[in-house]
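The values are calculated or read from the model by the stated rules, or taken from the named source; none is laboratory data. Bear in mind that the values here come from a model prediction, so they are computed numbers and not experimental data. Every residue, glycine among them, receives a Cβ derived from its backbone with ideal geometry; neighbour counts consider all protein chains shown.
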């Protein structure tokens, strides 16, 4: 007599169990919470600007402090300007035949709107000096334009003095120095603990 194979029982799973099987291999999705954008106000901008300005002022103050006297020692430029503005410089021009008897420190030439460092004068002739740290060709070209303005202003106001120009710099190189001299300008530069005045090889340019 044939043996009957027992029928397999089908177990019906609940909907909750089925859902658990379907999602058991999935990772939970994190919800991204969007933060509200901060509104920038004029007060915020003003505060940021004040902070930037404070930092900028502190930086420039540090730079200026480094340029000042260190342990009582003045910078090269300080010493150089002292020589430019001393009466000893007038004696250096005398060996070239110029008898300047006074010097003046002038920030701006009257009515010319041109910055000037110093003027050596004898009421007949005058040398207009520009002082810079490093001598550049652009400085020389600007001074030539400045001299034209001074001559124009002098003519308009009955000033008959003859004007000459000079470039004074703590750092010069041969090429730039020669360029200034070829333009008919004096060159004043450091020489040990003193300064020297270099006269153009040709004719001094007169305005």
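Numbers for the structure displayed
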| item | result |
| --- | --- |
| Unmet criterion (only one of (1) more than 23 Å from the chain's Cα centre (by Cα); (2) at pLDDT 75 or above; (3) over 21 Å from residue 167 (Cα atoms)) for residue 59 | (1) |
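Quick grid of which residues meet (1) over 24 Å from the mean Cα position of the chain (by Cα); (2) more than 23 Å from residue 79 (Cα to Cα); (3) without any contact (Cβ under 8 Å) to a residue 24 or more places away in the chain:
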site	(1), (2), (3)
89	yes, no, no
101	yes, no, yes
105	no, no, yes
128	yes, no, no
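For every residue, the table says whether it meets (1) touching a strand residue (DSSP E or B) at 6+ places or on another chain (Cβ under 6 Å); (2) within 21 Å of residue 172 (Cα to Cα); (3) at pLDDT 85 or above; (4) part of a loop (DSSP other than H, G, I, E, B).
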{"site": "79", "(1), (2), (3), (4)": "no, yes, no, no"}
{"site": "83", "(1), (2), (3), (4)": "yes, yes, no, no"}
{"site": "89", "(1), (2), (3), (4)": "no, yes, yes, no"}
{"site": "97", "(1), (2), (3), (4)": "no, no, yes, yes"}
{"site": "100", "(1), (2), (3), (4)": "yes, no, yes, yes"}
{"site": "103", "(1), (2), (3), (4)": "yes, no, yes, no"}
{"site": "112", "(1), (2), (3), (4)": "no, no, no, yes"}
